[in-house]
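Asker: The structure is given below, and queries will be raised subsequently.
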Amino acid sequence: MTSASLPRVSVVGLGKLGAPLAAVLASRGFSVVGLDVNKTFVDAMNAGKMPIVEPQLNELIAANRERLTATMDANEAIQKSDASFVIVPTPSDSTGFFSNRFVLQAMETLGKALKAKQGYHMVVITSTVMPGTTDTEIKSALEKASGRKVGPDLGLCYNPEFIALGSVVRDMLFPDSILIGESDSKAGDMLQTIYLQMCENKPPVQRMNFVNAELTKISVNTYVTTKISYANMLADICDRIPGADVDAVTKALGADTRIGAKYLKGAMGYGGPCFPRDNVAFAAFARKIGARADVAEATDRINNYQIDRLSGLVAKFAKAGTRIAILGLSYKPQTPVVEESHSVKLAAKLADAGYVVIVHDPLAQDAAMAVLGDKVVGASSIEGAVRECDLLIVATGWPQYKEIDPAWCKRGNGGHRLTVLDLWRTLPTDRFADVADVLYLGSGR
């Protein structure tokens, strides 16, 4: 398909997911206009570099500037596009449900702009929403603002992304599958055409009605969190059995095709902007409609327990007042995001328990320090954090931590050896055997 024959695309919301989506679409030949109320984001995209830390993002923007612009004018975005992807925040409310207030604002803005446009236009809801809302309040808001009915001249799709911060570009180019909830076949066909051009791996496309797509999205994340908590439950059990090894157990489990190996590793609990809230929302939704969601609720309880489990483990090796270094504060590698990070929660809990906590992260240190304040001390280097502590916790699997020099761990005070709690099995135990005791979670020790 030539660039001239491709649908023109607008992306509404140029944040952590919207900016990569716009960049990836442009890199695959689409003419893309970004729309945002944030002038800083709009100016940054037009200048060719976004203030968002995400691998490959700014390289793609710089390489495809002739096809990628941004504006604060909804009329311009609508007139220059055939399809609009809405990827704005849907924050959790006090009940655990996702709030659609920013999506509804976008529907009003786009709808008003559509009044001045002739011909067909498709609106794609990419933000994660609760089951039952696309076909009701979202569609109603779009129809009211535009004066059109969803149908022959106005398409509507629900099309959430399955991506992870730190690998957003790669995940968009090589997704496992594409999920489309469609108002009608015309809208679904157009969206499928866009994705088959955008993705490099030609993934299977799952097409269905709105509510099935909404339920699928939230179910996928809830199922993944269940696997994570199951592995962490196994690690807790293995910790208490001499000779047990959670890695041996999960490797065997993952070899069974009914289970699979992905996300089946006993380590830290899950965090970040999606997994925790999606699991809570799934359980809250089930309760509202009178269904049982015991598995989701247990998954959440096990995840929350991991902080107590780790702080209890620390107490076995160190008394209050001990200097503890925590390496890794982001909820996962390759991102500065600390939202719901178990590393940050653990640092706070240990500081409150009277430990002197030293923290380090390649990207997330400033964000974590903003949360933790003067409870902790920020280390200026990995070496400084390791040399200054009495107990070391490798809490996020950043590749930089594989380069720790064993000499930094050597302690000369009366034969004292450094204890290292390596939560992601980052450091090889034999390399540190002469200077430190490197302990893995779930190792029966």
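A quick yes/no check of all residues on (1) more than 17 Å from the chain's Cα centre (by Cα); (2) crowded, with 18+ Cβ neighbours inside 10 Å; (3) not in a loop (DSSP other than H, G, I, E, B); (4) not assigned by TED's automatic domain parsing to the domain that holds residue 339:
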| position | (1), (2), (3), (4) |
| --- | --- |
| 230 | yes, yes, yes, yes |
| 235 | yes, yes, yes, yes |
| 257 | yes, no, no, no |
| 270 | no, yes, no, no |
| 277 | no, yes, yes, no |
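Asker: Looking only at the stretch 349-380, how many residues end up being assigned to a loop (DSSP other than H, G, I, E, B) and more than 12 Å from residue 320 (Cβ to Cβ)?
Answerer: Qualifying residue count, the stretch 349-380: 6.
Asker: Could you tell me how many of the residues in the stretch 179-193 are within 27 Å of the chain's Cα centre (by Cα) and over 13 Å from residue 208 (Cα atoms)?
Answerer: 1
Asker: Would you check which residues across the stretch 40-90 are in a loop (DSSP other than H, G, I, E, B) and either within 24 Å of residue 116 (Cβ to Cβ) or outside the structural domain of residue 100 (by TED's automatic domain parsing) (or both) and list them?
Answerer: Scanning the stretch 40-90 gives 72, 73, 80, 81, 82, 87, 88.
Asker: Taking only pairs six or more apart or across chains, which ones have beta-carbon atoms under 7 Å, a first residue in the stretch 303-321 that is closer than 13 Å to residue 347 by Cα, and a second residue that is β-branched (Val, Ile, Thr) and buried (at least 17 other Cβ atoms within 10 Å of the Cβ)?
Answerer: Taking only residues 6 or more apart or on different chains, the pairs are 314/324.
Asker: Take the conditions crowded, with 18+ Cβ neighbours inside 10 Å, at pLDDT 95 or above, of a type outside the set (Ser, Thr, Tyr) and under 27 Å from residue 196 (Cα atoms) and apply them to residue 6. Does it pass?
Answerer: For residue 6, the condition - crowded, with 18+ Cβ neighbours inside 10 Å, at pLDDT 95 or above, of a type outside the set (Ser, Thr, Tyr) and under 27 Å from residue 196 (Cα atoms) - is not met.
Asker: Here is a further query. Say we look at the stretch 97-118 and pick out the residues that are of a type in the set (Gly, Ala, Ser) and either at pLDDT 95 or above or part of a helix (DSSP H, G or I) (or both); which of these is farthest from residue 81 (Cα to Cα)?
Answerer: If we take residues in the stretch 97-118 being of a type in the set (Gly, Ala, Ser) and either at pLDDT 95 or above or part of a helix (DSSP H, G or I) (or both), then 99 is farthest from residue 81 (Cα to Cα).
Asker: What number of residues in the stretch 163-191 are in contact with a strand residue (DSSP E or B) (Cβ under 9 Å, 6 or more places away or on another chain) and buried (at least 18 other Cβ atoms within 10 Å of the Cβ)?
Answerer: Residues that pass the stated criteria total 10.
Okay, residues lined up against (1) in contact (Cβ under 8 Å) with a residue 40 or more places away in the chain; (2) buried (at least 24 other Cβ atoms within 10 Å of the Cβ); (3) under 20 Å from residue 53 (Cα atoms):
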residue: 328; (1), (2), (3): yes, yes, yes
residue: 334; (1), (2), (3): yes, no, yes
residue: 341; (1), (2), (3): yes, yes, yes
residue: 348; (1), (2), (3): no, no, no
residue: 353; (1), (2), (3): yes, no, no
residue: 359; (1), (2), (3): no, yes, no
residue: 365; (1), (2), (3): no, no, yes
residue: 369; (1), (2), (3): no, no, yes
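Asker: Hey, among 396, 426, which residue is among the hydroxyl-bearing types (Ser, Thr, Tyr) and at pLDDT 95 or above?
Answerer: Matching residue, one of 396, 426: 396.
Asker: Let me ask something else about it. How many of the residues in the stretch 28-67 are in contact (Cβ under 8 Å) with a residue 60 or more places away in the chain and within 20 Å of the chain's Cα centre (by Cα)?
Answerer: 5
Asker: In the stretch 148-168, which residues are under 19 Å from residue 193 (Cα atoms) and either part of a helix (DSSP H, G or I) or in contact with a Leu (Cβ under 9 Å, 6 or more places away or on another chain) (or both)?
Answerer: 154, 155, 156, 157, 158, 159, 160, 161, 162
The values are calculated or read from the model by the stated rules, or taken from the named source; none is laboratory data. Just so we're clear, the structure is a prediction, and the values are computed from it rather than from any experiment. Virtual Cβ from ideal backbone geometry, glycine too; neighbours counted across all protein chains shown.
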